[in-house]
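Beneath this line is the structure, given in structure tokens, with notes to follow.
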Amino acid sequence: MKVSLDLRPRALVESQKKRLNFSRLFMTLFLLSFLLIGGSTLFWAFWNYRSLVDRVAFLEDTLSIQRAQNARLANELRRLGEEEAVYVSALKLLQDELPALEFLQAMETSLPPGVWVRTLSIVPGKVSLQGSAYKEDDVVEFGKGLLDAPVVAAVDFPVTTRVVRDGQSLVDYTLACSLRDFAATIPPAVPVEKEAGSQ
């Protein structure tokens, strides 16, 4: 059995115990700094991760909302396209067919008893008539009656020829008319004035 005895004076032993060990202190401070920096880094990384997760969730929600809005807008655009197609076909009918129908109605109302029409040619904006009458005055009256129609813009002076058909004297005529744009014959809408008390 070994026994070690320190034979130095007690004051010297106590003074050496009280002296700082700088290498041990440096290692302790280094370890504490490492733990503090590592903990701060971990906390900062966790906080960034949570922020990114929240941001991704927000962006996914925004993306789903945008997709739903895009689907609604696509449906609305499709509906508006179909509605536009209806308006385009109605406008084409208005520009092509209705002036002809209006002219036929005007021709029916202004046709005198002694005048009849053999051929009728209608192209956009123009009408050509060929027919016969008993008297030239009836043809002129027919032209004036057509001129009074709202759809007729102008009536050329009729070209007449006296002919004898089946032993009867007749007047063959050719009449050209210019048609107005049918939309121009519709009276403009009167603007509605707001009441003074209405918001």
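Brief remarks on what is shown
- For residue 140, the stated conditions hold: it is without any contact (Cβ under 8 Å) to a residue 60 or more places away in the chain, assigned to a helix (DSSP H, G or I) and not polar (S, T, N, Q).
- Residue 113 vs. criteria at pLDDT below 85 and loosely packed, with under 14 Cβ neighbours inside 10 Å: no
- Taken across the stretch 101-115, residues that are within 30 Å of residue 172 (Cβ to Cβ) and of a type in the set (D, E, K, R) do occur, with at least one present.
- Residues (of a type in the set (Gly, Ala, Ser) and closer than 13 Å to residue 178 by Cα) located in the stretch 118-167: 121, 125, 128, 143, 149, 153, 154
- In the stretch 95-130, the qualifying residues are those that are assigned to a strand (DSSP E or B), without any contact (Cβ under 8 Å) to a residue 40 or more places away in the chain and among the polar types (S, T, N, Q), and the one that is farthest from residue 151 (Cα to Cα) is 119.
- Any chance residue 88 is under 23 Å from the mean Cα position of the chain (by Cα) and at pLDDT below 90: yes
- All positions within the stretch 136-165 that are surrounded by 14 or more Cβ atoms within 10 Å (Cβ to Cβ), under 48 Å from the mean Cα position of the chain (by Cα) and among the aliphatic types (A, V, I, L, M): 146, 147, 149, 151, 152, 153, 155
- Scope the stretch 152-199; condition at pLDDT below 85, under 23 Å from residue 105 (Cα atoms) and not in a helix (DSSP H, G or I); matching residues: 180, 181, 186, 187, 188
- Restricting attention to the stretch 117-135, the residues that are surrounded by 14 or more Cβ atoms within 10 Å (Cβ to Cβ) and closer than 14 Å to residue 171 by Cα total 8.
The values are calculated or read from the model by the stated rules, or taken from the named source; none is laboratory data. Note that the structure is a prediction, hence the values are computed from the model and not measured. No Cβ is skipped: glycine too gets one built from the backbone with ideal geometry, and neighbour counts run over all protein chains shown.
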